[in-house]
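In what follows, a single structure is set out as structure tokens and then discussed.
The values are calculated or read from the model by the stated rules, or taken from the named source; none is laboratory data. If you're wondering where the values come from, they're calculated on a predicted model, not measured in any experiment. Counting neighbours? That spans all protein chains shown, and the Cβs are built from the backbone with ideal geometry, glycine included. Side chains are part of the model used for accessible areas, which takes the heavy atoms of the whole protein and leaves out ligands, DNA and RNA. Shrake-Rupley method; radii C 1.70, N 1.55, O 1.52, S 1.80 Å.
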Amino acid sequence: MSDSEQPILQAIENGNYKIAQTLLSKKLKKYPNKSYYYALNNYILFKQGKVKEAVQESLKLKEKTPSDPQTLKLLYEILKSTNHKQDATQVFENAIKKYANHDLIFAWFELALKDFDIRSIQKSSMALQKFSKSRKYTLWAAFTYYLQSVQADATTVEKSLYPKVGLKLVETLKPYQNEQEVYIYVKILYNIGNFEEAVVSIEEFSKGRKFDLELQIILLACLSELENWELLYRYSYQILFEDKLDDFDTWKYLIKASNNIGKSEEVADQLKASTSRNSRLANLIYSKDIMKSKTSFHEALVAYYNEYKYKLCCFNDINYFYKSEPTYFDKNAFETLINSTSQKNVSGGEFNEKELNALVNNQKFNKLLGKTEDLLTTNFEYYNLFQSVLLKKDEKDYFAGDEFILMNVEILLENGVSEDKLIENVFKSIVILENSAKHDDHEFRLRLWLMKIYSYINCSSLVNANFDHLDIKMIQNDTLSHHISTRISSLNPNQLMLQQHLISIQKFYLTIEQEVEDMVSNGFEQLVLNKIEGFLEFGTKINNSVAKMLNLIEMLRMSKIIGNNQIIHYSMEALKSQDPLSVPELYDNRDFISEWKYGAQEINELVHNSVSIGPKQSSEYVKSYYLRELILQETHADKSKQLITKLNKLLNDETTQRQLTSTESWSYKIYLSLFKIYIVNPDNDADFNFLIKNLSINNIKNKVFKVGELTDHSFLLSWEVNHKLLTVLELVRNINLFTTMHHLPKQYSPKVAELKKASSSLLEELRDLKREIDENVESALKQIEKSVKESLVDNADISPKVIQNTFAKISTSLQESSLSRRIP
Amino acid sequence: MTSIKPFQMTDLFETNSVNLDTLTENFNGSFYSQYLTQWPSLFFKSVEINSDFQHSGEISGYMMGKTEGKLDKKEWHTHITAVTVNPQYRRLGLASYLCKHLEYSTSGDPYNTLFVDLFVKVNNVLARQLYEKLGYGVYRRVIGYYGKVMPTDRNKIDNDIDAFDMRKRLPRDVKGETVRENGDKVYVLPYEVVF
């Protein structure tokens, strides 16, 4: 690429395709044989949306077997982006067959890395190895043969033949120079079932040196597969007792091996002598697998419990056996054990951290065993009894007593659902959580729950405050930002949210995209073969993340609602470049679990679903929204028709419908009828009538809002009130925009006028509705505050001041939310 | 039920219960990948065997370590960059276990370092005690190490922003030349701590 091409590239980047074409045509006249200019021309066609023409011309150019890397890169990109994967690969394969050179192959390798295209990475690595038999390229080729063979889309040949070819290649490098080289050799051996050779190689390499962790794990797995119990026993023993690495998996190997060589009694002695947590738990495995005795299992359980009941791991450890070993686990005997401990703890009058931990564990066991009658009362009682521990602890240290509160919030919300007083209990829960968070500022689960239920009552500013307090950053933007961004444009669209959160999250994705490219490439260059698979998987998951797409969608929606044209343009272009429709799979990296890591360590689906901001959105949600936006923007009828067919099909799919709220689902019906009138058939009166009927305020009040909702406190104080109103508003705005951009022939003018009148009247009437809602929200909040105060002061020992302050915060936040449902 | 496994980049999707803790730093992607690339065997995690939330194994903690320094200057050492444990698995010796495994991994070939070191805030008494129990001693006090401005006065101590550089010698340092007594009385400025 020369400097004289820069203006063309700049014009393409700025979307000035006509200027780019004009400049390019001059170049083509001057250099009619330069393939790069033809490829560039195709690229412009592709960017203009003339996909068919771009592909046709690119395939023609491909047949001429160009060899300049820049041309190949462009052809590869066009063909790959248009789902001509095989042709894209052939662009390079053909060129290499004819004009093999290092730069050409390396350009292919780099492109494949950028796309995480493992099959092309493998092919280009193999070509590099054939071209230059260096140690590095041989390792790349061997490793990528293995990598492709374990992919989900590997063909039968790739699965069976590739590991063998990889093995042959890596064998040429013996003796191996480091653990990475040994790793790839034994990984392939393990994969093809040659465990014996793998063991020999690891032993040889590890002579006189410490075990590499990765190799150690493979060694023990191979010996177990080989049923070489003598050696498995020897190495497990060495790791546990000579190297002193108290590893639970190794304990399990030791027990298994000992039983097969008649040394189980020796292991029993070792287990008796050791009091580590792992050995105590290994004793349970021993009593189950070797002794096969329910009594021994219970004795081992009691021994573990007595030693570790003061540690918070106790519940998680025993819970594992409770769930996985129902035959051995004696529930009644265990219940008696924990009851006696609880009584001792409370009557003993010692309120220290140890006793607190034991009580927390026992309350969790009670929950697990279904003994939930007094849980709510005793949890509050215990929380208050151990306040001295909370006051004494280091500010940033952990306080187990918060688990009592988390358990109670769950109970309150569950009762709220079953007793039809969810909204009241949501407010109670908020006060309880705020009270605890005030005393334990750094407890992250309290804040995760506060975010969850502040979202439910539409207090976005308070959700954001907690999000900021948790200092969520870097990769957590992908896993945790759903707490602030789920359907946010229909809850609280505002400039601050857009700039400070959504755009800042998008900046993270742009940064990590570059970081991922570098990490994969560095991984190959530095030959860290045991990490590359993880790098590639990480890259694929983050680049094709559902959360990333949803963030872009919220950016686009919000900028449309608040009228930020720059961001509208940016987010639509960013979505187009991601093209959710052609991504084979979107990955959901969102963390919906961390807030449930307390109590019985389970997601309470009833509570989770009841306080969520609508159904969980996934790839179908992303695709349907993207299609809708494409149709709204598209000016070519033929293309629009294709998109409408796709959208229709997607919306008929149950998986898509399950991801939509009732209002979103309703709005899609309106969008479809609008699109059908304007793009497919304006003569269909039924569509017109449907549209006009649905845009009447009476219909909105009865269909979108259910009967009675507008005076129902549980509805008025929930996220749904804004969601419904703002989804309707978004729809009306889109209809106005669409009918301005698209025109029907004159004979339809009366109908168009009727439609426009309906939408502008609706806008007017929505303003009145908003006023009505505002007044009702205010009085609903006052009533809720009164009933929360009455209940919590006595039952949870929370001061009236805390309740008053919390409601004051909520009131301010709700006023902000009210502003964001302003109808222009 | 803890086992130690190598850390992978994808584990970052599963570390919220550890990394949401206020004392744990969240780094950018490049920082983690640099450690995985340059010191792949010194970045590992502790995994709990449980079946909750369809986990194959919950990450209860992790260790990020590296090696640096010159051998001829007697500075070739292992550095603990981060060691952190999920609050539910604390007070079990898990952090000590992770530290010991790092010592084990670097006290022989291919690393064979002279000592292990780490920085701890002067006011983080709990952490200092933990490391002292593991055999670490204060080597020097780094003035203003955690501060926002580069300090210039080596005698201006501040418990909130100063760090103790703590060390533990490994078998290769036979004569104990890399550690010292009363290191808490030796003050240095951050720019003097370079390897």
So how far apart, in nm, are the two label points at A:Ile192 and A:His569 if each is 7 Å from Cα heading toward Cβ? 5.8 nm
What number comes out for accessible area per residue over the range B:1-113 if the probe is 1.4 Å? Units Å², please. 30 Å²
Restricting attention to the range A:433-520, which chymotrypsin sites (Phe, Trp or Tyr not before Pro) occupy a DSSP loop and are surrounded by at most 11 other Cβ atoms within 10 Å? none
Evaluate Rg over Rh across the range A:30-69, taking Cα atoms for both radii and Kirkwood's formula for Rh. 0.97
How large, in percent, is the carbon and sulfur part of the accessible surface of the range B:1-113 at a probe radius of 1.4 Å? 45 percent
From largest to smallest, what semi-axes in whole angstrom does the protein assembly as shown give when each is the square root of 5 times an eigenvalue of its alpha carbon gyration tensor? 50, 44, 27
What FRET efficiency comes out for A:Thr22 versus A:Asp153 if R0 is 35 angstrom and r is the Cβ-Cβ distance? Round to the nearest 0.05. 0.25
Inverse of <1/r> over all distinct C-alpha pairs of the range B:109-162, i.e. the Kirkwood Rh in Å, gives 12.8 Å
Relative contact order [Cα under 8 Å, 6+ residues apart], the range A:482-586, whole percent: 34 percent
Here are some pairs, A:Lys210/A:Lys256; A:Lys187/A:Lys531; A:Lys34/A:Lys114; A:Lys724/A:Lys770; which of them have Cα atoms lying more than 18 Å apart in this structure? A:Lys210/A:Lys256; A:Lys34/A:Lys114
Accessible area of the range A:1-127 with a 1.4 Å probe: how many percent of it is carbon plus sulfur? 49 percent
Taking placed amide H atoms and a strict 5 Å upper bound, the residues 5 or more places from A:Ser545 or on another chain that come that close are A:Tyr587
State the Cα centre-to-centre distance between the range A:744-793 and the range A:224-255 in whole Å. 69 Å
Taking only protein heavy atoms into account and a 1.4 Å probe, give the accessible area per residue of the range A:3-99 in Å². 56 Å²
Mind checking the per residue accessible area of the range A:522-656 for me, 1.4 Å probe, whole number of Å²? 37 Å²
Estimated translational D of the range A:597-699 in µm²/s (Stokes, Kirkwood radius over Cα pairs; 37 °C; 0.692 mPa s): 211 µm²/s
With the crude spin-label approximation of a point 7 Å out along Cα→Cβ, what separation in nm comes out for A:Ser582 versus A:Ala333? 6.4 nm
Buried accessible area between A and B (1.4 Å probe, both chains summed, ligands and nucleic acids excluded), in Å² to the nearest 100? 5700 Å²
Under 8 Å for C-alpha pairs, at least 6 residues apart: give me the relative contact order for chain A, rounded to a whole percent. 8 percent
Treat every Asp and Glu Cβ in the range A:723-774 as -1 and every Lys and Arg Cβ as +1, leave all other atoms uncharged, and give the resulting dipole magnitude about the Cα centre to the nearest 20 debye. 240 debye
What is the distance in Å between the Cα centres of the range A:609-623 and the range A:363-412? 31 Å
Hey, what's the Kirkwood Rh for the range A:345-420 if you take every pair of different alpha carbons, in angstrom? 13.1 Å
Area accessible to solvent at B:Phe195, 1.4 Å probe radius, in Å²: 80 Å²
Return the aspartates and glutamates within reach of B:Lys156: Cα separation strictly under 20 angstrom, same-chain partners fewer than 8 residues apart disregarded; answer none if there are no such residues. B:Asp165, B:Asp184, B:Glu192
Let me make sure I get this right: for chain B, a, b and c are the square roots of the gyration tensor eigenvalues over alpha carbons, sorted descending. Under 1.5 in a/c it's rounded, otherwise prolate if a/b > b/c, else oblate. Which is it? prolate
Name the residue farthest towards the positive end of the dipole of the range A:661-824 from the options A:Leu717, A:Asn736, A:Val680, assuming +1 on Cβ of Lys and Arg, -1 on Cβ of Asp and Glu, about the Cα centre. A:Val680
Residues of B:77-89, mean number of Cβ from any other protein chain within 10 Å of their own Cβ, rounded to a whole number? 2
Short to long, in 10 Å steps from zero, the percent of alpha-carbon pairs of the range A:3-99 per bin is 17, 50, 29, 3
Value of relative contact order over chain B, rounded to a whole percent, pairs C-alpha under 8 Å and six or more apart: 17 percent
Taking +1 at the Cβ of each Lys and Arg and -1 at the Cβ of each Asp and Glu, which of A:Phe380, A:Gln56, A:Gln495 sits farthest along the dipole of chain A towards its positive end, judged by Cα position relative to the Cα centre? A:Gln56
Charge dipole of the protein assembly as shown about the Cα centre (unit charges at C-beta), most positive-ward option of A:Pro66, A:Leu651, B:Val18: A:Pro66
Starting from one equal scatterer on each C-alpha and no solvent at all, send me the Debye-based log10 I(q)/I(0) for the range B:119-195 at q = 0.11, 0.14, 0.16 Å⁻¹, two decimals. -0.28, -0.45, -0.57
Carbon + sulfur, % of accessible area of the range A:661-824 - ligands and nucleic acids excluded, 1.4 Å: 51 percent
For the range B:1-108, what is the charge dipole size about the Cα centre, in debye to the nearest 20, if Lys and Arg each add +1 at the Cβ and Asp and Glu each add -1 at the Cβ? 360 debye
With r as the distance between the Cβ atoms of A:Lys756 and A:Leu9 and R0 = 41 Å, compute the FRET efficiency 1/(1 + (r/R0)^6) and round to 0.05. 0.45
In nanometres, the difference between 0.36 nm per residue of separation and the alpha-carbon distance of A:Lys438 and A:Gln177 is 88.3 nm
Where labels lie 7 Å past Cα in the beta-carbon direction, separation of A:Glu654 and A:Lys703 in nm: 2.5 nm
Give me the Debye-computed log₁₀ of I(q)/I(0) at q = 0.10, 0.23 Å⁻¹ for the range B:1-113, equal point scatterers on Cα only, no solvent, two decimals. -0.30, -1.37
Within the set A:Lys27/A:Lys60; A:Lys311/A:Lys367; A:Lys60/A:Lys676; A:Lys133/A:Lys548; A:Lys623/A:Lys676; A:Lys364/A:Lys548, which residue pairs have Cα atoms separated by over 29 Å? A:Lys60/A:Lys676; A:Lys133/A:Lys548; A:Lys364/A:Lys548
Mind computing the radius of gyration and Dmax over the alpha-carbon atoms of the range A:39-170? Å is fine for both. 15.4, 48
Set the Förster distance to 25 Å, then compute FRET efficiency between A:Leu226 and A:Lys168 from the Cβ-Cβ distance, nearest 0.05. 0.65
Based on Cα coordinates alone, diagonalise the gyration tensor for the range A:266-417, multiply each eigenvalue by 5, take square roots, and list the semi-axes in whole Å, largest first. 30, 19, 13
Express in whole angstrom the spacing between the alpha-carbon centres of the range A:430-450 and the range B:124-195. 35 Å
